[in-house]
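Engineer: Have a look at this one.
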Amino acid sequence: MTRFHASQKTATFCALIMLSSAALIAGCAQDDRPISEIPFFKPEQSGSSTQSRKATSADIVMSGHYEVSPEGKLLRPESIYELTPPELPEVAKVYDQNGAEAFAEYFVEVLDYTWLSGDTSLLRSISAESCGWCLGMADRTDKYRSNGGWVEHVNNRVLHIEPAIESPLHPGLWDTILHVQDSDHNVYDGVTLKKYEGAKGQFHLQMRQFDGMWKITGAEGSKEK
């Protein structure tokens, strides 16, 4: 699942961009303030993309484990064809501590689904306008998909969720931290195939309900110490 510093450099599709602590705190005081995006902590590993000339049904061109299109792009692996959106658990609909924690965990599942499927509609629907990171990730996903890119083997496992706390200064705003372990995964941006090593991290989320529905209003992350 997702860690931050105050840089404006564009992050790769799955190497999640995160928010600075200062930006997140600012979001507490003003929910509708856009939150700056910054690169996710995960280091980029070396990788390569081998492009082919032209494939025919009788002579399939391969690059490593991947089939190559006539245009020379790596085709989306069949292993990520059949994906279904995660379902929101009933407890995540409740407006209390348990509901906030369950929704935070659901958000991580939605992120995995977004990267693997390329479908950003669900992520957008549960993200408030104040979460610039959320909407920026959705925009980046759309860009990768339009260029023939995809993500493979992403699986962010939640190891521990810290108790959600409602802000005493900003009633209705809940805050929690998730400790996660992500998996080794591959990211193809339509040109280059890159491999990322799994790592432990902390994912800091803030949320509130709008018309009875939870939405993420801010996010921040850091590498697990």
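Engineer: For ARG208, only one of the following conditions fails: (1) exposed (fewer than 14 other Cβ atoms within 10 Å of the Cβ); (2) over 20 Å from THR120 (Cβ atoms). What is its number?
Structural biologist: For ARG208, the exception is condition (1).
Engineer: Let me ask something else about it. Somewhere in segment 118-134, is a residue at pLDDT 90 or above, under 30 Å from LEU75 (Cβ atoms), in contact with a Pro (Cβ under 8 Å, 6 or more places away or on another chain) and open to solvent by 40 Å² or more (accessible area, probe 1.4 Å)?
Structural biologist: Yes; the residues of segment 118-134 include at least one that is at pLDDT 90 or above, under 30 Å from LEU75 (Cβ atoms), in contact with a Pro (Cβ under 8 Å, 6 or more places away or on another chain) and open to solvent by 40 Å² or more (accessible area, probe 1.4 Å).
Engineer: Please indicate, with yes or no, whether at least one residue in segment 157-178 is touching a His at 6+ places or on another chain (Cβ under 9 Å), buried (at least 19 other Cβ atoms within 10 Å of the Cβ) and at pLDDT below 95.
Structural biologist: no
Engineer: In segment 182-225, how many are within 16 Å of LEU135 (Cβ to Cβ) and at pLDDT below 90? Before the answer, list the steps.
Structural biologist: Going through segment 182-225, the residues within 16 Å of LEU135 (Cβ to Cβ) turn out to be 205-207, 210, 215-220.
Those still in the list that are at pLDDT below 90 too: 219-220.
Total satisfying the criteria: 2.
Engineer: Residues in segment 179-205 that are under 14 Å from VAL108 (Cβ atoms) and surrounded by 22 or more Cβ atoms within 10 Å (Cβ to Cβ): how many? Can you show your working first?
Structural biologist: Just the residues of segment 179-205 that are under 14 Å from VAL108 (Cβ atoms), to begin with: 179-183, 200-205.
Add one more test, that the residue is surrounded by 22 or more Cβ atoms within 10 Å (Cβ to Cβ), and what stays is 180, 182, 201, 203-205.
Counting residues in segment 179-205 that are under 14 Å from VAL108 (Cβ atoms) and surrounded by 22 or more Cβ atoms within 10 Å (Cβ to Cβ) gives 6.
Engineer: Return the total of residues in segment 94-105 being surrounded by fewer than 18 Cβ atoms within 10 Å (Cβ to Cβ) and either closer than 23 Å to ALA138 by Cα or of a type in the set (Asp, Glu) (or both).
Structural biologist: Within segment 94-105, the subset surrounded by fewer than 18 Cβ atoms within 10 Å (Cβ to Cβ) is 94-98.
From what's left, either closer than 23 Å to ALA138 by Cα or of a type in the set (Asp, Glu) (or both): 96.
Total satisfying the criteria: 1.
The values are calculated or read from the model by the stated rules, or taken from the named source; none is laboratory data. Remember, predicted model here, so these are calculated numbers, not experimental data. For neighbour counting, all protein chains shown are included, and Cβ atoms are generated from backbone atoms with ideal geometry for every residue, glycine included. Protein only, heavy atoms only, side chains kept; ligands, DNA and RNA dropped before computing areas. Shrake-Rupley method; radii C 1.70, N 1.55, O 1.52, S 1.80 Å.
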